Number of protein chains: 2
Amino acid sequence: MENKEDSAVIFIGDKPVMNYVLAVMTQFNKPITSVTLKARGRSISRAVDAAEITRNRFMQNLKVASITIGTEAIPNEDGKTVNVSSMEIVLAKQ
Amino acid sequence: MENKEDSAVIFIGDKPVMNYVLAVMTQFNKPITSVTLKARGRSISRAVDAAEITRNRFMQNLKVASITIGTEAIPNEDGKTVNVSSMEIVLAKQ
């Protein structure tokens, strides 16, 4: 018997935005109810792009279930930590 | 008699993030209850930075009241329109 996952997480990096749009759509082809886009720093605007393009152009039945922002302490090469902004966008089927 | 404004709007552009942090704090020195940060495209991550730095470092009594994302059609030089992602972050006193 197969496990049905309830949600999926996609980490937004610096690939072209359409890669992430495709990843969102691929996840929603599975029996899940929501997909979470996670991004840090400069990638945050790309996460918004991916969510908006997916909703407006490909899956009009998606809604933005929640958006949260935060700060993460990331260790850098010198062993120090730098604070980086983070964002999570949860997309769900209506 | 002076008009008390209930909220203020700050448009996030490509200046250094601390300019916007200072702008948020300046607005909250007036008798207002909320400040809205508006950003488009690449500036979206800077808006998140400004909100997070203001909350974590300077005004711990602020909360994120709401975050919304959208798409705006912007006319470019050729007379065509391009779609650009937008975000609004509403900061409010707790």
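The values are calculated or read from the model by the stated rules, or taken from the named source; none is laboratory data. In this text the structure is predicted, and so the values were computed from the model without any measurement. Here the Cβ positions follow ideal geometry from the backbone for every residue, glycine too, while neighbour counts run over all protein chains shown. Areas reflect the complete protein model, heavy atoms only, side chains present, ligands, DNA and RNA absent. Shrake-Rupley method; radii C 1.70, N 1.55, O 1.52, S 1.80 Å.
Suppose the filter is open to solvent by 20 Å² or more (accessible area, probe 1.4 Å), in contact (Cβ under 8 Å) with a residue 12 or more places away in the chain, among the charged types (D, E, K, R) and not in a helix (DSSP H, G or I); does A:Glu88 pass it?
It is true that A:Glu88 is open to solvent by 20 Å² or more (accessible area, probe 1.4 Å), in contact (Cβ under 8 Å) with a residue 12 or more places away in the chain, among the charged types (D, E, K, R) and not in a helix (DSSP H, G or I).
Please go through region B:16-45 and pick out each residue that is touching a helix residue (DSSP H, G or I) at 6+ places or on another chain (Cβ under 7 Å) and at the interface with chain A (Cβ under 9 Å from one of its Cβ atoms).
If the condition is that a residue be touching a helix residue (DSSP H, G or I) at 6+ places or on another chain (Cβ under 7 Å) and at the interface with chain A (Cβ under 9 Å from one of its Cβ atoms), then B:Ala39, B:Gly41, B:Arg42, B:Ile44, B:Ser45 are the ones that fit.
Can you pull out every residue in region B:17-33 that is open to solvent by less than 20 Å² (accessible area, probe 1.4 Å) and either part of a helix (DSSP H, G or I) or among the basic types (Lys, Arg) (or both)?
B:Tyr20, B:Val21, B:Val24, B:Phe28
From A:Ala8, A:Ala73, grab the single residue that is surrounded by 12 or more Cβ atoms within 10 Å (Cβ to Cβ) and not hydroxyl-bearing (Ser, Thr, Tyr).
Checking each option against the conditions leaves just A:Ala8.
I'd like the full set of residues that are away from chain A (no Cβ under 11 Å), among the aliphatic types (A, V, I, L, M) and either open to solvent by 70 Å² or more (accessible area, probe 1.4 Å) or not in a strand (DSSP E or B) (or both), limited to region B:52-70.
Selection gives B:Met59 alone.
Being open to solvent by 70 Å² or more (accessible area, probe 1.4 Å) and at pLDDT 95 or above is the requirement here; does B:Thr36 meet it?
No: the conditions fail for B:Thr36.
Of these, B:Lys15, B:Lys63, B:Lys93, B:Lys38, which one is farther than 22 Å from A:Ile67 by Cβ and among the charged types (D, E, K, R)?
B:Lys15
Specify which of the listed residues (B:Asp14, B:Asp49) is open to solvent by 80 Å² or more (accessible area, probe 1.4 Å), of a type in the set (Asp, Glu) and touching a residue at least 12 places away in the same chain (Cβ under 8 Å).
Matching residue, one of B:Asp14, B:Asp49: B:Asp14.
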